[in-house]
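Computed from the coordinates by the stated procedures, all read-outs in this text should not be read as laboratory data. No experiment lies behind these values; they were computed from the predicted model shown. Reconstructed Cβ throughout: ideal geometry from the backbone, glycine too, with neighbour counts over all protein chains shown.
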């Protein structure tokens, strides 16, 4: 009887805490709003006090813990920052904040404050995990350095080639040429260890973490390292740029959101060019021109989430330029009550998580903003760890599209 009572008490305690965190996520309190404002104003000492107050009511909220640690670090209170970073690393090892916390700890142990993840860069983050007034993504902001963009032209055109539906550009990494897959669905700029071997670049000896995968493939976890490299794309030269290294990776490395986020990104199939325009140098209206349609998106964990319609039903999808096709999990198909025909075909798929097979067949309709595709072929992948389906190039590649990371909008122009 005593065991049963203890179990019920623990269960009620868990539900109570879960509910409290959920309500708080929907309606942040005044203290958190104050902390966010102070942090974004770079008043880190005052932000530290506010975040510490938030921790009194939310001691296990990993985002609050991380930004409290970061505020302390930026206020030169490393002792408290280290305490919080170590707590995050120990208690939330799979969280994105743990990756950043481990990075800060490893840099400090190395004796440097001037690497690509120093306070000058991480201090540019906008704290937004629970601030509904800001559409940006704090994780990506923290991961995206902007200090070496001053010499980059306001507009850069990079030739691309298509393989299948994918967009590929030629870059150099530490002076070595390599083809990279332009992938808005990848939060980081991502390499496999196999790519480094081909480039003659050594993998970091320390800093290995076990990371859960979100994407297509038969692997659920991988070993990853955080490192930096000199990446050049046309006239854009990012020195000591943060990259993620995976133990092994099928296909080309990914040029992800950490590289793309400071720009308006336009994919122009007429000229076969990726057009990168620096934010703040021109208005989005001048970039997109007339006769364009806008579709809003929001950031979730570094992914661009759009509200689409699938067979007439509203459904969230990941807008993913790195995906060749539209891809669902079997769970999505069940939720949408889509019946698979008997004459489906089976094909091989490659993603960050390795290889898998996909069942291909047409569905009646997918709609996103102005784009409507009827009888469009989709894939139901057999092995994946996707929390939302992928809206890939087979849906929108015939449109010119511009990604406005500043206002969280995608602008589409219909084909000529």
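Rounded to two decimal places and with Rh computed the Kirkwood way over Cα pairs, what is Rg over Rh for the range 293-413?
Numbers: Rg = 13.9 Å, Rh = 14.7 Å.
Taking Rg over the Kirkwood Rh, I get 0.95.
When peptides 406-416, 261-271 are sorted by average Cβ neighbour count within 10 Å, with the highest value leading, the order is 261-271, 406-416.
Packing order of peptides 361-374, 241-254, highest average first: 241-254, 361-374 (average count of other Cβ atoms within 10 Å over each peptide's residues).
Taking other Cβ within 10 Å of each residue's Cβ, how do 66, 399, 237 sort, fewest first? Please report the intermediate quantities before stating the final value.
Details: 66 28, 399 19, 237 15.
Least crowded to most crowded, the residues run 237, 399, 66.
Suppose a student asked you for the relative contact order of the range 293-413, using Cα pairs under 8 Å spaced at least 6 residues apart; what percent would you report? Reported as a whole number, the value is 34 percent. Taking label points 7 Å from Cα along the Cα-to-Cβ direction, residue 42 and residue 79 give a separation of 2.8 nm.
Using r as the Cβ-Cβ distance of residue 57 and residue 33, and R0 as 22 Å, what FRET efficiency do you calculate, to the nearest 0.05? Write down the numbers at each step before the final one.
Values: r = 14 Å, r/R0 = 0.62.
E(calc), rounded to 0.05, equals 0.95.
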